[in-house]
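Inspection log for the structure reproduced underneath, given as structure tokens.
The values are calculated or read from the model by the stated rules, or taken from the named source; none is laboratory data. Note that the structure is a prediction, hence the values are computed from the model and not measured. Every residue, glycine as well, gets a Cβ built from its backbone with ideal geometry; the counts of neighbours run over all protein chains shown. Note: areas computed on protein heavy atoms with side chains; ligands, DNA, RNA excluded. Shrake-Rupley method; radii C 1.70, N 1.55, O 1.52, S 1.80 Å.
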Amino acid sequence: MGTEWDIPRVILWCFIIVIAVTLSLAALTSTTAFGAYNAEWDGTSELRNSAADSASATPVLIDSTEYDQLEGSGTLVILLAPQTAYSPAEQARVDAFLDRGGTLLIADDRRGETNQLLAELGVSTRIDGRQLRDPNQFHRNPALPIITNTSNTSITQGVDQFTFNRGSTLTTGNATVLAYSSDFSYLDENENEQRDQTEPLQSYPVLTTEQVGNGRVFVLSDPSIFINQMLDRPGNRNLANGLTSSYDRVVLDSSHGGKIPLTIQFWVWLKQTPWAQAVLAGLGPLLLGLAVHPRVRSVITIVREEFFERDTSLDAVTFDAEERTEYLRHQHPDWDATRVERITKSMEQLDTDTISDDDE
């Protein structure tokens, strides 16, 4: 006999499963641009995975207090396009990380919060903010200029080019320039996506390095180099690999980069909260004890039988002959009396045979 499906129940469970999967994905993923947990084209999940291969601890900072736990020497923190300003206390934590010999790469194509942080850290480089275009040396269109004028340093070793995506340029101050755009690039002052007479063709700095206390700060004028879609553009993956391979630990600072998935927030909070760890550790034995308690087990059995193992067939119900006859008449009003009587007697005989088998 084939299995009869309870269609409403199947639909209900399918709905529950879909909701559970959707909520789980929402709790683990992000849609924030440059987000370390965003696996879409504008996220940096691939960079996060590369950082995880080199990091001895978590590869992502979601709270600036985590700077206090970072080793300085041998650690690179990558900070991409912060959306909010760092408070004085947060700036002090970053500064302390640099004093321990840490390295910071800040990448952005806007002024605002990034330039404020650079000033507070004592870095002389600033983000210009105007869009860099190159009608001569580009990938697909002038808004994606290819940078080929690079210096041979630890992070750019073997990197003879990389590709911008609507990036900007830098004013360098006392910093050392590691990469320039070509001599045919220009800054699109009025954002009309074409070169005007007031927009001269010349080479612009796009990557600098500067000693800050015992540490070092790199500044790059385009954060989109590291998004998932751009990593496969000419030279970008080589630059990302050069960064992650030049340091013992690589960490992404997402503390000011938009929304963080709830599950990740909870995990970080748990790691930083000893009393919550103690409560969670105590819940394990408690739940195990409840699971083996007779009363709890009886409830679990009832739920299992009710929702998963309930048999609503006539064979699973104990009836006498009169009740069986009435049941069959109610369920099958189209059957004549002879058929009802014949089936009732057959079921009685089946019960008798079953009892005899049990006695044997």
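Details
- Filter result for G35 (in a loop (DSSP other than H, G, I, E, B) and at pLDDT 80 or above): yes
- Checking each residue in the stretch 151-177 for being assigned to a strand (DSSP E or B), under 24 Å from T75 (Cα atoms) and open to solvent by less than 60 Å² (accessible area, probe 1.4 Å) picks out F162, V177.
- G282 fulfils the conditions (1) at pLDDT below 90; (2) part of a helix (DSSP H, G or I); (3) closer than 20 Å to V77 by Cα except for a single criterion, (3).
- Within the stretch 219-235, one or more residues are hydrophobic (A, V, I, L, M, F, W, C), part of a strand (DSSP E or B) and crowded, with 24+ Cβ neighbours inside 10 Å.
- The residue of the stretch 98-130 that is least open to solvent (accessible area, probe 1.4 Å), among those that are within 13 Å of D188 (Cβ to Cβ) and more than 29 Å from the chain's Cα centre (by Cα), is D128.
- Filter result (touching a residue at least 60 places away in the same chain (Cβ under 8 Å) and more than 25 Å from G129 (Cα to Cα)) within the stretch 95-118: F97, L98, D99, R100, G101, G102
- Residue that is modelled with the lowest pLDDT [pool: residues in the stretch 239-265 that are part of a helix (DSSP H, G or I) and among the β-branched types (V, I, T)]: I264
- Given (1) of a type in the set (A, V, I, L, M); (2) open to solvent by 10 Å² or more (accessible area, probe 1.4 Å); (3) at pLDDT below 95, index of the condition V212 fails: (3)
- Of the residues making up the stretch 102-127, those that are in a loop (DSSP other than H, G, I, E, B) and under 13 Å from P82 (Cα atoms) number 5.
- Check on A96, modelled with pLDDT of 95 or more and small (G, A, S): yes
- Residue match in the stretch 76-94 (condition: in contact with a strand residue (DSSP E or B) (Cβ under 9 Å, 6 or more places away or on another chain), among the polar types (S, T, N, Q) and touching a residue at least 12 places away in the same chain (Cβ under 8 Å)): no
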